[in-house]
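In what follows, a structure is listed as C-alpha cells, so that the remarks can point back to it.
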Amino acid sequence: MNIRRQLEDQEQLVLSSHACFSSRSRGRLHDEPPCELRTAFQRDRDRIIHCKTFRRLKHKTQVFLAPTGDHYRTRLTHVLEVSQIARTIAVCLRLNEYLTEAIALGHDLGHTPFGHAGEHTLNGLHPGGFRHHIQSLRVVDFLENQGQGLNLTWEVRNGIVKHSKGYRDILPDDSRELPATLEGQAVRVADIIAYLNHDMDDALRAEMITESDLPDHLRRVVGDRPDRRIAAMMRDLIAETLRTDEGRLRLSPMMQEVICGMRSFLYDNVYRNRLVHSEFEKAQRVIRELYLYFLEHEFPAGPEPLCLKRRPPADAKEEKRLHRLVCDFIAGMTDRYALDLYSQIFMPKPWSVL
C-alpha cells in the first residue's frame, strides 16, 4: 500500500487548478527515491522542522533584542505565526497546504542574530553583500546536514528565496518578483500580515506605543485588535483572489494601502524608535567586531574560544573563501551565542589564579 500515491490522488480531487500538485513537482537538486508515506512537500516540511537551523530560531531576535520577557516574539514564533496564516489562506483557496507550510517554516532560516540589525551589518561587511532570503536558500542547499543540504524541492526553494519584500510592493505586477507558486505567494503575504500585527502587539506590551496611536483611518478598515486585523487582511486577500481568478494572489487597492500604512507606522514608531535603534547600534558593533576577528583567527572548536590561533596571511582567493565562511558562521549564531562569544573574546576576565 503506497500512502503517498493516495495522497497525491486526493490532491487531484480536492485542490484548485491553480494549486501546485505534489506529483508535478519540478524535483530536487539531487534525485532520490520518493517516500511511500509522505508527499514530496510533506517530506520537505519535516526536514526543515528537524534541522538544527530551525531550532536556533527560538533564540534569534524578531524586533526586541534577546528579549527576557516570556511573551515577546522570537524568530521561531514569527515563522509559526506566518505558517498558521499562510495555511489558512491555502485552505480557503484550495492550495497545497503542505507546500505552503514548508515554505513558511523555512523562509527565515538564513536570518542573522539581532534581526535586521545583524543583516544590515553583514551586508556591509561581506564583499558579496548579504540578504537573509538568499542565505535561507544557502542554508537548505549547502549548509545544513553537515554541508550536504536538505535537498528540498524546487517549489519550496523558490518560495523561500522569493518571500522577501523589504519596503517594496507586497504583490508586484511583475511576476518575476513573485514566487512561481500561489503557495509561495501566500507565504509572502502571510509574512507581512504576521509581522505587522505581532510586532505591533509586542510594541504595545513594551509600552512604546498605544492602540490609539494607530491612525484612525487604518483602524476603521482593519479593526483595533490583532485578531481582527489579521482576519480582515486574510478575508480581503481571499475574496480578491477568488474574484479575479487569474492564477495569482491579489489584494484590493484599499487593503494594500492599509497594509503599507501600517508598515510605515511601525517603521516610524517602532523599528526606528530611539530606544530600539540604540540597541541595534550596539548589536551591530558586536557583529562587526566578531566578523573582523574571525577573518584573522580560527573558529572556536569548542565552547571556550580562549586559545584561538591566528590564521596565516591569505591570498585573494583564500580571502574570498574566508569571508564566506565567516559570514555563514556569524549568520548562523543565535543572539545569546553571539553575545557570549563576544564577551569571551573581547571582555576582560577577573584574575582567578591563587
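The values are calculated or read from the model by the stated rules, or taken from the named source; none is laboratory data. Computed from a prediction, not measured in an experiment: that's the story for all the values here. Cβ: placed from backbone, ideal geometry, glycine included. Neighbour counts: every protein chain shown. The area values use the complete protein model at the heavy-atom level, side chains included, leaving out ligands, DNA and RNA. Shrake-Rupley method; radii C 1.70, N 1.55, O 1.52, S 1.80 Å.
Between the stretch 182-218 and the stretch 257-285, the alpha-carbon centres lie 12 Å apart. For a quick check, take a GNM of the chain with Cα springs below 10 Å and name the residue from 159, 184, 69 with the largest mean-square fluctuation. It is 69. From the square roots a ≥ b ≥ c of the eigenvalues of the alpha-carbon gyration tensor of the stretch 195-236, which class results: rounded (a/c under 1.5), prolate (a/b over b/c), or oblate? Oblate shape, in that a/c is at least 1.5 and b/c is the bigger or equal ratio. Would you please give the FRET efficiency between residue 296 and residue 351, computed as 1/(1 + (r/R0)^6) with r the Cβ-Cβ distance and R0 = 35 Å, to the nearest 0.05? Efficiency, rounded to the nearest 0.05: 0.85. Using the beta-carbon distance between residue 123 and residue 252 and R0 = 30 Å, what value does 1/(1 + (r/R0)^6) give for FRET efficiency, to the nearest 0.05? Calculated transfer efficiency: 0.35.
Along the axis of the charge dipole computed for the chain (Cβ charges of +1 for Lys and Arg, -1 for Asp and Glu, origin at the Cα centre), the listed residues 41, 332, 118 are led at the positive end by 332. In straight Cα distance, which lysines are under 28 Å from residue 320, not counting same-chain residues fewer than 8 positions off? The reachable lysines, counting only those whose Cα sits under 28 Å from residue 320, are 52, 60, 162, 282, 309.
About its Cα centre, the dipole of the stretch 217-283 is roughly 160 debye, where the only charges are +1 on Lys and Arg Cβ and -1 on Asp and Glu Cβ. Please say if the chain is rounded, prolate or oblate, where rounded means a/c under 1.5 for a ≥ b ≥ c the square roots of the C-alpha gyration tensor eigenvalues, and otherwise the choice is prolate for a/b larger than b/c and oblate otherwise? Because a/c hits 1.5 or more and a/b fails to exceed b/c, the chain counts as oblate.
What ranking, highest mean first, results for peptides 82-88, 7-13 when packing means the other Cβ atoms within 10 Å averaged over each residue?
Per-residue mean Cβ counts within 10 Å order the peptides as 82-88, 7-13.
Once both labels are positioned 7 Å from their Cα atoms along Cα-to-Cβ, the gap between residue 173 and residue 245 label points is 2.4 nm. The dipole here belongs to the chain: it is taken about the Cα centre, uses +1 on the Cβ of Lys and Arg and -1 on the Cβ of Asp and Glu, and is about 560 debye.
For residue 309, the solvent-accessible surface with a 1.4 Å probe is about 140 Å², rounded to the nearest 10. Of the residues 50, 6, 63, the one whose Cα sits farthest towards the positive end of the charge dipole of the stretch 1-73 is 63 (charges of +1 on Lys and Arg Cβ, -1 on Asp and Glu Cβ, taken about the Cα centre). Each residue, residue 55 and residue 10, gets one label point 7 Å from its Cα in the Cβ direction; the gap between the two is 3.0 nm. Each 10 Å bin from zero up to the one holding the largest Cα-Cα distance in the stretch 127-260 carries the following percent of pairs: 11, 35, 30, 19, 5, 0. For the stretch 1-140, the share of alpha carbon pairs falling in successive 5 Å distance bins from zero is 2, 9, 16, 18, 17, 14, 11, 7, 5, 1, 0 percent.
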